[in-house]
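Only one structure is covered here, and it is reproduced in the block below.
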Amino acid sequence: MKESKWRKCLSLFLQFMKIGAFTFGGGYAMIPIMQREFVDKHHYIEKDDILDIMAISQSTPGAISVNSATFIGQQIAGFWGAFSATVGLIIPPYIFILIISGILGWFETQKYVQYAFMGIRAGVLALIAKAMITMFKQCPKDILAYILMAVSLVASVFLDVNLIIILVVCAVIGLVASLTRNKKTKEDK
């Protein structure tokens, strides 16, 4: 492995360690931070790639945050990049959980801790809303996308349809629509 790859792996490890230590709320709350770090600041990946990474991370088994870290690391520095990013992301929450589990009984009863978590929840909601707006801006703007979005929202919120079913159906519809568009484009040429 080249030295530059080792540096990238170390950089990925440290960046994801920071993300894992200071981001509450899981994968969706991490999207704006990952975009700022890996697209805007370090230019490791393109802005459009974030949407693809989120789509892949949601459709594979496991936590979105871990899947995203693994995928970004692999894109940047191959296997060792994926390993470094994933381990970097996992270490801080693991340490926090170990510490908190030891003092959980005392921790839960403290009013200041409860107030802090109320504030953290509000901040997480803002990060998730920002991620949603960012992803919406990057999505294709056509009637099919709007219909899929509306039907998915109704199915998940009001009809309590399993999210995996919604994801699979949307993926199939998107694949069929893309193949149809590509076929039309080739025929028009």
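The values are calculated or read from the model by the stated rules, or taken from the named source; none is laboratory data. For clarity, every value in this text was computed on a predicted model and none was experimentally measured. As a convention, Cβ positions derive from the backbone with ideal geometry for all residues, glycine included, and neighbour counts pool all protein chains shown. To get the accessible areas, we keep the full protein, side chains included, count just its heavy atoms, and leave off ligands, DNA and RNA. Shrake-Rupley method; radii C 1.70, N 1.55, O 1.52, S 1.80 Å.
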Assigned charges on the beta-carbon of Lys, Arg, Asp, Glu; the chain dipole about Cα centre (debye):
380 debye
Can you pull a Stokes-Einstein diffusion coefficient for the range 139-185 at 25 °C (0.890 mPa s), Rh from Kirkwood over Cα pairs, as a whole number of µm²/s?
216 µm²/s
Under 10 Å, Cα contacts only: if you run a Gaussian network model on the chain, which one of MET118, MET132, MET54 comes out with the highest mean-square fluctuation?
MET118
Angle in degrees between helix 163-188 and the longest Cα principal axis of the chain, rounded to the nearest 10:
40 degrees
Could you compute how much accessible surface ARG36 exposes when probed at 1.4 Å, giving the result in Å² to the nearest 10?
120 Å²
Please tell me the relative contact order of the chain in percent, rounded to the nearest whole number, where contacts are Cα pairs under 8 Å and at least six residues apart.
24 percent
How big is the Cα convex hull of the chain in projection, averaged over all directions, in nm²?
14.4 nm²
If each K or R counts +1 and each D or E counts -1, the residues other than GLN114 whose Cβ falls under 15 Å of its Cβ total +1
Using a 1.4 angstrom probe on the protein heavy atoms only, could you order SER68, SER101, SER11 from most to least accessible area?
SER101, SER11, SER68
How many times 2.2 N^0.38 Å is the alpha carbon radius of gyration of the range 2-78?
1.02
Given contacts defined as C-alpha pairs under 8 Å and at least six residues apart, what's the relative contact order of the range 31-141, whole-number percent?
20 percent
Normalising by the residue count of the range 64-106, find the relative contact order in percent from Cα pairs under 8 Å and 6+ residues apart.
29 percent
Within the chain, helix-based [θ] at 222 nm, where runs of 4 or more DSSP H residues each add -39,500 (n - 2.57), nearest 500
-28000 deg cm²/dmol
Could you tell me what percent of the accessible area of the range 98-169 is made up of carbon and sulfur, with a 1.4 Å probe and every protein chain present?
78 percent
Rounded to the nearest 10 Å², what accessible area does TYR44 have for a 1.4 Å probe in the complete protein model?
70 Å²
